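Data first, discussion second: the structure below is written as structure tokens.
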Amino acid sequence: MSKLETSLIHEGEHFNTTNSVVSPIYQTSTYFADEDIASFAHAATAPKYPEFYHRHGNPTNSQVAAVIAKLEKTEDALVLATGMAAISTAILAVVQAGDHVVVQNAHYSAALIFMRDFLQQYGVEVTPVDQTDNAAFEKAIRSNTKLIYIETPSNPNLDITDLEFIGKLGKERGITTMIDNTFASPINQVPATYGIDVIVHSATKYLGGHSDLTAGAICGTKEFIDKAWRRSLVLGASLSPFDSWLLLRGLKTLSLRVRQINENTLSLAQWLSGHPLIQKVIYVGLPSHPQHTLAKKQMQGFTGMLCIEVAGADEQAQFARAQALLNGLKLFSNAVSLGGVESLIAHPASMWGASHTAEQRKKSGITAGLLRISVGIEHIDDLIADFEQALS
Ligand SMILES: *Cc1c(COP(=O)(O)O)cnc(C)c1O
């Protein structure tokens, strides 16, 4: 029973059948088949068979999936080309026309569009609820509810969903529970320990960790992963050999990176909380977060995701100050995405102007002065100094 840091380096090594210490990149679409027809038939139909045709599987994909399953404490995992491929494939492995899904008001924007627009077009009913209200989830359940889909901490407001409650609710009612665990990463939060059935990731973020690839992961029982794999065969979003190799490389330092990021972010959040031009700091690691106690119970660390709201007399003044801050910061680049070694900052109100109506933005607390920060592993003194100069 090896510890997490050891699993990050060694799990799934047996998928590398060469003598090279670092797994090679299997840059091939197809593989020589065995001469006998019975083994060919097995290769053609066995889930994730690593050496048949790339859409079916690839040795590095199998190795990466083994590492991620170990981290998430699930039986199995499947890696795909993006986080959205993982989310849509996993959901389509659960629901069909006539079913009902309970979701949150706040989700990653493309996931929200998938559920709000796509699923409904295909005859699946969707009810969004306030994730901070346990009773709202229970009340939304109908006889045809097949899935409860959650995300915690959620994007961008860092609200927390009660994992123990949702895990139990799903088990009691026989409803599949699924979580987007991207923001927390499995270093900080392991939803399977609370009975959540399926865990999805944008591996583009913390798991990859270097902003140089896109990937997604689905974790669950072997039975569920086999089913998701069958969906992925026809949906077709296989993870490319090179991105898979980069993901395997990135995962090796996941624990080191996330622990440093947790530490940096808490220090930065504390420093920003004392600054007169910052009227609000939203960080689940601060006692000022309304759900800090719940976060402390279900998370081992509080991630690198932090939101601040700059002060301003009105929307326009806030917008101008947010703009000035973005321009003044030198280490925090204005870019979307998160979870990399470099610090990033983004303005959610403009990022989601197209996908959220003004009312939806207001409901999710996305004001003109809100900025979302993904803290990296630069030295904390330099990160604080950068904010100090940009705010002065
Ligand atoms: C980025 C992200 C996604 C989508 O992942 P892609 O790799 O961009 O497809 C889903 N959920 C969360 C929380 C994310 O941050």
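Could you please rank Ser185, Ser20, placing first whichever residue has the fewest other Cβ atoms within 10 Å of its Cβ?
Fewest-to-most Cβ neighbours within 10 Å comes out as Ser20, Ser185.
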FRET efficiency, 1/(1 + (r/R0)^6) with R0 45 Å, evaluated for Thr193 and Ala38 via beta carbons: 0.65
Calculated FRET efficiency for the pair Thr45/His292, C-beta based, R₀ 45 Å, to 0.05: 0.35
Euclidean distance of C-alpha centroids, the stretch 252-267 and the stretch 338-392, integer Å: 18 Å
Cα-based convex hull, the stretch 255-391, per residue volume (Å³, whole number): 112 Å³
Within the chain, percent of DSSP bridges classed antiparallel, to nearest 5: 55 percent
Selected from Leu294, Trp271, Leu344, residue furthest toward positive end of dipole (the stretch 255-391; charges at beta carbon): Leu294
Two-site FRET efficiency, Asp133 against Asp314, from Cβ-Cβ distance with R₀ of 41 Å, rounded to 0.05: 0.85
Difference of contour (0.36 nm per residue) and Cα-Cα distance, Asp382 to Phe165: 74.1 nm
Alpha-carbon centroids, the stretch 194-240 and the stretch 273-307: separation in whole Å: 28 Å
Among His100, Leu8, Phe224 the positive-end extreme of the charge dipole of the stretch 4-251 (Cβ point charges): His100
The stretch 4-251: C-alpha gyration tensor shape, a/c 1.5 cut-off, then a/b vs b/c: prolate
Dipole moment magnitude, nearest 20 debye, the chain about Cα centre, only Lys, Arg, Asp, Glu C-beta charged: 440 debye
Label-point separation in nm, Thr30 to Gln389, each point 7 Å along Cα→Cβ: 5.7 nm
Kyte-Doolittle at least -1.0, axis length at least 24 Å by Cα - qualifying DSSP helices, the chain: 254-273
Inter-probe distance in nm under a simple model that places probes 7 Å from Cα toward Cβ, at Ser350 and Glu172: 4.6 nm
Among Asn155, Val200, Ser364 - extreme Cα towards positive end, dipole of the chain, charges at beta-carbon: Ser364
Paramagnetic label zone (point 7 Å from Cα along Cα-to-C-beta, Trp271; backbone N under 20 Å) in the stretch 325-345: 325-335, 339-345
Reach of Lys139 by Cα under 28 Å, taken over lysines that are not fewer than 8 positions away in the same chain: Lys168, Lys171, Lys296, Lys297, Lys362, Lys363
About the Cα centre, charge dipole magnitude for the stretch 255-391 (Lys/Arg +1, Asp/Glu -1 at Cβ), debye: 520 debye
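Just so you know, all these numbers are worked out from the coordinates, no wet-lab data involved. Computed from a prediction, not measured in an experiment: that's the story for all the values here. Here Cβ is always computed from backbone atoms with ideal geometry, including for glycine, and neighbour counts include all displayed protein chains.
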